[in-house]
1. If you go through segment 64-77, how many residues are touching a Ser or Thr at 6+ places or on another chain (Cβ under 6 Å) and either open to solvent by 10 Å² or more (accessible area, probe 1.4 Å) or under 18 Å from ASN44 (Cβ atoms) (or both)?
2. Is there any pair with a first residue in segment 111-123 that is free of Cβ contacts under 8 Å to residues at least 24 places away in the same chain and a second that is surrounded by fewer than 17 Cβ atoms within 10 Å (Cβ to Cβ) and part of a helix (DSSP H, G or I) whose Cβ atoms are under 7 Å apart and which are 6 or more apart or on different chains, and what are they?
3. Considering only segment 125-146, I want to know if a residue exists there that is more than 23 Å from VAL13 (Cβ to Cβ), out of contact with any helix residue (DSSP H, G or I) (no Cβ under 8 Å at 6 or more places or on another chain) and open to solvent by 40 Å² or more (accessible area, probe 1.4 Å).
4. Does LYS104 meet the test of being among the basic types (Lys, Arg) and not in a loop (DSSP other than H, G, I, E, B)?
5. Sort out which residues of segment 17-32 are in contact (Cβ under 8 Å) with a residue 24 or more places away in the chain and within 12 Å of ALA3 (Cβ to Cβ), and write them in order of number.
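The values are calculated or read from the model by the stated rules, or taken from the named source; none is laboratory data. Every value quoted in this text rests on a predicted model; they were computed, and no experiment measured them. FYI the Cβ positions are ideal-geometry reconstructions off the backbone, even for glycines, and counts take in every protein chain you see. What goes into the accessible areas is simple: the full protein's heavy atoms, side chains included, and nothing from ligands, DNA or RNA. Shrake-Rupley method; radii C 1.70, N 1.55, O 1.52, S 1.80 Å.
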Amino acid sequence: LVAACAVDAHSFVFPVAYGVLETESEESWTWFLHNLRRAIAHPNGLVIHTDACKGLEVAVDNVFPGVEHRECMRHLAANFMKKFKGKVYTDNLWPTSLTCSVKKHNYHLRQLYMNPKVKEYLETHHSKLWARSQFSELSKVDYVHNNLAESFNSTIRKLK
């Protein structure tokens, strides 16, 4: 069971669409997203915020070309911290994501990039938007995580 959720002006979560997939695959996600697009079109300022579901990233790019595609920072940080350990990472990763200032973002990113493997890792495995300073100003939602989906999933978990 998959769902697309949104947040309104009062920060209330509401489901926009849901579907039942055979499996998490590019084909299944493409089917779901085509149906979502039929329902909502491709409005200016649309943001799609995802985590690492199999096939989802490619399906979003194919069905909603040019959309602001954000990646969940909580998932990014969990994966990042498995690979890179130390104070420089714990002190700079989240601030890199949370600041709205490009100057502060770049400062924290430089601290992380002192290890050249960090830059390679982020560019290879986390190429979607995950930092507020990189978000478009069209969308007024500045979430760096996909807790909307997590909240919805926890509400329907027993039904699943």
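1. 1
2. GLN111/VAL88; TYR113/LYS119
3. Within segment 125-146, one or more residues are more than 23 Å from VAL13 (Cβ to Cβ), out of contact with any helix residue (DSSP H, G or I) (no Cβ under 8 Å at 6 or more places or on another chain) and open to solvent by 40 Å² or more (accessible area, probe 1.4 Å).
4. yes
5. The one that is in contact (Cβ under 8 Å) with a residue 24 or more places away in the chain and within 12 Å of ALA3 (Cβ to Cβ): PHE32.
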